[in-house]
Every structure is written in C-alpha cells, then in structure tokens.
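Structure, as structure tokens:
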Amino acid sequence: MKRINEKVKDLIEVRSYQILHDFISDPAKTLSAYYFTDVTSDLMAKWLDKIVNVQSQNGTAFALAGYRGVGKSHFLATLGAIVSHPELRSRVTEAHVAASAQRLKRTRYAVGYVRRGTHETLLAELKDAIAKAFELDAATLGDSVIDLLNVVAEKAGEVPFVLVFDTAFERESRVARDDGVLLAEIAELATSLNMFVAVALDDDIAGADGINAAIVRNFTIDYLDQEHLYRIVDTHIFPKQRQMSPLLHEIYTNFREVMPNFQWSEQRFSALYPLHPIILETAPFVRLYAPDFALLGFAAEAGNKILGRPANSLIALDEVFDFTEQTLRKVEDLQDAFATYDRLNAEIVSNIPVMQRLQAKLILKGLLLLSLDGDGTTAAQICAAMLIFDENNPQNGLQMVENLLETFVSVLPEQIWRKTEEGREIRYSLKVSIKESLNNSLNEAIAHVSPDIVPKILWKIARERFTDWTFGDETEGKSTNWTDSQIVWRGGLRRGRLCWNLGSDETDWAQMPGNLEVTDWMVIISGENQIMPLTENTVEVPRVYWQHAPLRKDEIETILRYHILLNDETLRLEFGDQLRAAGHAHSLAIEKIWNRIFLGDGKLVIEGFDFNFSEEARNSQSLSKIFSTMLEPLFEMRFPAHPIFTQPLGMTEVSSLVSDLFSGTRQN
C-alpha cells in the first residue's frame, strides 16, 4: 500500500460520549444521553404505543433480549423517563418516538424499577420497587406477588403502572438466580391489571428457553442486537468525512489483501472506523467479567488518542486489554489465565528481540481476550484482530504468529489449550480450570441429545435475528412451517410466502392454507439435499429453494451444547455463573454458524440456477430486505418489460393512476 499522508483526524470527527452507570437517578440526563437508531426508535415507539393501549384489566408484558452491553438498561430507563416525566417528552427529537410519546396521557405514569441483585429474592426486590414508586413503607406490604400487585392496582388508579425489571448497575457479580418462573407469574397476573411489565433479559435469563421457557409463554420478546451500535458509532461517535470514502475503501481493500482472514464486511468496517470490528464481537465477553466496560465511552476516549496516527491505524484489542486489565485481574475465574499470561510474558516475550517484542506482546494480549469465549482462536484470527501482517508476503506474518503460539504451548502445555480438528485450523486458548470441567460435562451430555434438536435451534436463531420472522411458535398453537411476506421490486409490492422445510421431508404442502392465488413467490428453506415435490396448489407459484450449506461436525456439537446449556438444571446448579458465561459464548457462536450456513455459504436456487447471497443481503436485518435483493433475477426473467417506479407503488398510488388515466381529468 502506498504511503498514506492523511491522518485519522482527516477522515473522522470524534465526539464525546457521556458514560452513565446509573440510568434511574437523573431521568433528564438519561434521555439526553440516549441515541436513537432506526431499530431502537421503532422499538421505543412500539412499547410506548402498548403503554397507551393498556387499560384496566388489560395489562401486557414485554421483554427485551440482547447481549451484554447492547443497551437494554439504557433503553428501559429512557422508556421510564418518557412515561414518568411529561415535561421531558418535548425533548424527544426522534419524530417517530415523539409522536408515540404525545399519545400518552398528559400526566405522570408511576414507574417501579425492580433492581435485580439488590436483595436475596426477586420478591423482596419487587416489594422495594413498589414501596419506592408510591412512597410506602415496605414493611407494611404483603409477602405474595398477588398482594403486591393488588396494591399497585389500587394506588395507580386509571393511569397504567409501568414495572421495569433490570439488573442493578452496582452489583459486583451476576445474579445467581433463576427468576424466570416468578417473572412469568408476574406477567400473567399483570394481564388482569392496569400494568405494563418490562424486563431486560440479562445473561441468567437471556434467551428465555429451557428452564426459563415460562418467559416465552407470558412475555412478548423483542431483540436488541448489536447492529444499532454500528449506527451509533458511525453517526454519533465517529462521524465520517464523506469525501474521504475512497481512502477508507483503499484501506479496507489493503487489509483484505495482506490479511486474508480479515473477514469483516466493508460496510461494517467503514461504519466503525477507526474502531476495529473485532472489538464489538469481543465486548460482550469482556463485559461478562468487567461489567463497567462501556463500549461507546471506550470508543470515544480511544478515538481521541489516535487522531494523529496514520489513517490506516485502528483501535484494536490491545487497547481494550490495557483499558480493562486491572478489572479483569480481580476476577477469580480468570486468575489461572492471568497466571499463564504473566509467565509467558516473563519467560518468552521479554526474551524476544526488541524489534519483534511489541508484536509478541500484542499476540499474547489478543490470545487472552479471544480466550474469554471458551472456544479459543486461531493464528489467522489473531493476525486479523491485532493487525499483524507482512505486506510483502502475508504468509510470513501468519507463520510468525503460529510459531509463537506453538512456543507458548511447548513451554506451558498444561495451561494452554490446543485443539486440532479435521478440516479446521488449530485453535488455541488460555485454560480456565472451571471452563475445562464444564466443557467436559457438556461433551458427555451431548452424547445423549438427538440431532433432531438442531433445526429447532436454527429456527430460534433466525427468529432472534430477523424482525419479520413471524412463523407461529409451537407454544402458541399456530402453524409453524410457513409465513407470508412481501418485497419491493421495481417499486411494486410482491406478496410471497416463506416455508420452513428444514428437518422434515414430509411436509404436506398441498394442505397449506390458501391465498396462493395472490402469491407471486415462494421460498422454501431446506437442507442441502432436501427436495420439495411439486403439488397442484403450488405449481403456478414460482418456487425458490433456500439451501443452507452442510454443517460441520464441530458446529453440530456447538448447537447441541447450547441446547444442554439452556435445559440442564443440574449443570446450572453445579457451574453457576460459568454456565451463564458459556451460554452467552455459545449463543454468539451459533449466530456465526447460522450466518455461515444460510448466508455466507448458503444459496438460493432460482429457476435451476444457483445464486450466492450478496453482501447487501448478508448484512440485511429483515427477510423482506434479503428477498427484495435476492429475488430480482426471478422477476426480471419473468417480467422483463415491467416498468420501474422510483417509489413504492401502493393502493393510494394505483387509485390515483386509475382515476387520472381513465376519468379524463388529467389527460396530460
């Protein structure tokens, strides 16, 4: 790559970010510090509308799921600030949210904040929240859920009461309880009261599956993924100088050339620049052990430090390590890993020639942080994460990392995990004793789990990934193998149907509910070798097969371990917090598996031709956007003369066209 004269400061502006830990004490500050994105504005408006529609004996319960650090607590506190302080509603600048906020009654809604982890039981925390909300003496309140909620109904009157459950920010460790059953009971009782219940699904109840399946039955669950963090970084933390986009493209292209394992998309690279994309992937694991680590605040602080560096510099994992090292060293579960780190640093890294010592230190720091997910990392992944490369010969940089990792293993073979599997690169990880025991228990347990569970887990991941994945859930007693959808093609709406045929070759498509006469397309999700037979009902509807790539043996084992983590109560009692951390790591791993087999290596078979998913489709957050992009060849082959409308053509526009064309009122 040619020498870059520009600095980071020539490409971006670094804006400050106000770090808040206590979102409840100052509602005005909480609201002003919250940055809305398309995803969170839609979600906030939806929840506010639900509160507006709550009536006596008609309550509702919603839950917000997502990885640690994704912003669940700030979202819930912002919701509470809007409903409880009418004077703040005028400060909402997001039009969509402001419109919903204005529909609220022009009065103060009482809000109770249940701070999980502040008492021994959730019931005690609920009592404390209700007492504070209505300025009551907690000692005078009852000791049952129904008694407490009856007090709420009496005190709140005609104005809905908003009850928010979230883990207390000042807790020193994760909440070691299973609160799912009691939360479900509260939600069920709330349906007969004038209440809106909101829950942040923290890592001990996240996913709401298995042991906590009662949450699924009683809560409407929305998912807040990391996608909106990319938008916040791009828009509010590191806004870009758009005229410098060609240089950003050049930097990205060069990274892909010199580091073949630099697999992040250009879209995400450009949005996060100068923050390395690996940091957003690693941040949830860092927060598992360092709850005070605030990604956006870290990014703003680190961004100011690199403004004077060359434009091809990134904020990488070593700066995350330096930022959190003191906190991580105090975590009991990481004592063994840091003991290994210190020995390797003293016995190997310090003896390396000065010119190579810096890179060796980077590799060691990256190895420790990338070991936090429990699955380890490869030499190529460390190269990409720590930006270690030889521009003249990319293999030299990779070989140097491999050699150093093998040296680490040879010196401390009992402290470093080295895993070899056929068809996969060697993986390395600093060992944590409790993780070793848990991994052994999981490997023993999956031998007794049927592979039939795999399609169900893949279904679950898809439901969490896509906002418009509206297949009926089995617990709802609805059909679960098809859903209607629509896409935009050349400005017109095309109705279609998405069918789930994974894990079964016996679906009776002839019995599928009607409306196929107005269906323009049908996508069938199937395995690599599954074929859907032709039927009279569907022969006229263009069929597209969405075939996923084969699952590797290690991926199947990861999915089965995840199922065990969700459902095995014995392991939960034995491993406690570590089980929750493992569940978090596995959920991330499964999401990557899903993206690989369905989008990265998956394909659509259209009219007998195979189509790989474009980068735009792989990064889409809804099924409609994916199919709007990927089904273009289908309609272009069938309707090549179809006009192109610059805006979506709906019923209003069609009515206007018909009226104007045929009434003679606007002949010109």
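Below is a table of values for the structure above.
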quantity	calculated
Residues satisfying the stated conditions in segment 287-304, i.e. open to solvent by 20 Å² or more (accessible area, probe 1.4 Å) and in contact with a strand residue (DSSP E or B) (Cβ under 8 Å, 6 or more places away or on another chain)	none
Extreme residue, least open to solvent (accessible area, probe 1.4 Å), among residues of segment 325-350 that are more than 24 Å from M400 (Cβ to Cβ), in contact (Cβ under 8 Å) with a residue 60 or more places away in the chain and among the acidic types (D, E)	D333
Hits in segment 14-52 - residues which are farther than 23 Å from V114 by Cα, out of contact with any Gly (no Cβ under 8 Å at 6 or more places or on another chain) and open to solvent by less than 70 Å² (accessible area, probe 1.4 Å)	Y35, F36, T37, V39, S41
Selection count, segment 303-349, where residues are more than 25 Å from the chain's Cα centre (by Cα) and not in a helix (DSSP H, G or I)	11
Single match in K105, K132 (criterion: of a type in the set (D, E, K, R), farther than 24 Å from H21 by Cα, modelled with pLDDT under 95 and open to solvent by 40 Å² or more (accessible area, probe 1.4 Å))	K105
Output for segment 351-390, where each listed residue is more than 16 Å from L405 (Cβ to Cβ), free of Cβ contacts under 8 Å to residues at least 40 places away in the same chain and of a type in the set (A, V, I, L, M, F, W, C)	V354, M355, L358
Qualifying residue in segment 57-65 (condition: open to solvent by less than 30 Å² (accessible area, probe 1.4 Å), part of a loop (DSSP other than H, G, I, E, B) and either over 24 Å from T282 (Cα atoms) or modelled with pLDDT of 90 or more (or both))	yes
Listing of helices (runs of 4 or more DSSP H) fully contained in segment 547-655 that carry 1 or more residues being aliphatic (A, V, I, L, M) and at pLDDT below 85	553-567, 569-575, 577-594
Residues of segment 66-91 satisfying the condition of being open to solvent by 10 Å² or more (accessible area, probe 1.4 Å) and either farther than 21 Å from D166 by Cα or touching a Cys at 6+ places or on another chain (Cβ under 6 Å) (or both)	P86, E87, R89, S90, R91
Count of residues meeting criterion [outside any helix (DSSP H, G or I) and in contact with a helix residue (DSSP H, G or I) (Cβ under 8 Å, 6 or more places away or on another chain)] in segment 1-56	19
Any chance W509 is touching a Cys at 6+ places or on another chain (Cβ under 9 Å), at pLDDT below 85 and closer than 16 Å to W459 by Cα	no
Candidate set from segment 151-172 (those that are assigned to a helix (DSSP H, G or I) and without any contact (Cβ under 8 Å) to a residue 40 or more places away in the chain); member that is surrounded by the most Cβ atoms within 10 Å (Cβ to Cβ)	V151
Unmet criterion (only one of (1) assigned to a helix (DSSP H, G or I); (2) under 25 Å from T378 (Cβ atoms); (3) open to solvent by less than 10 Å² (accessible area, probe 1.4 Å)) for F262	(1)
Test result for V175, hydrophobic (A, V, I, L, M, F, W, C), crowded, with 18+ Cβ neighbours inside 10 Å and either in contact with a Pro (Cβ under 6 Å, 6 or more places away or on another chain) or modelled with pLDDT of 90 or more (or both)	no
Breaking point among (1) hydrophobic (A, V, I, L, M, F, W, C); (2) in a helix (DSSP H, G or I); (3) open to solvent by less than 50 Å² (accessible area, probe 1.4 Å); (4) touching a residue at least 24 places away in the same chain (Cβ under 8 Å), for A99	(3)
Residue list for segment 274-302, filter: closer than 16 Å to E13 by Cα and part of a loop (DSSP other than H, G, I, E, B)	P274
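The values are calculated or read from the model by the stated rules, or taken from the named source; none is laboratory data. From a predicted model like this one, the values you see are computed outputs, not experimental measurements. Heads up, the Cβs are rebuilt from the backbone with ideal geometry, glycines too, and the neighbour counts pull from every protein chain shown. Only protein heavy atoms, including side chains, enter the accessible area calculation; ligands, DNA and RNA are left aside. Shrake-Rupley method; radii C 1.70, N 1.55, O 1.52, S 1.80 Å.
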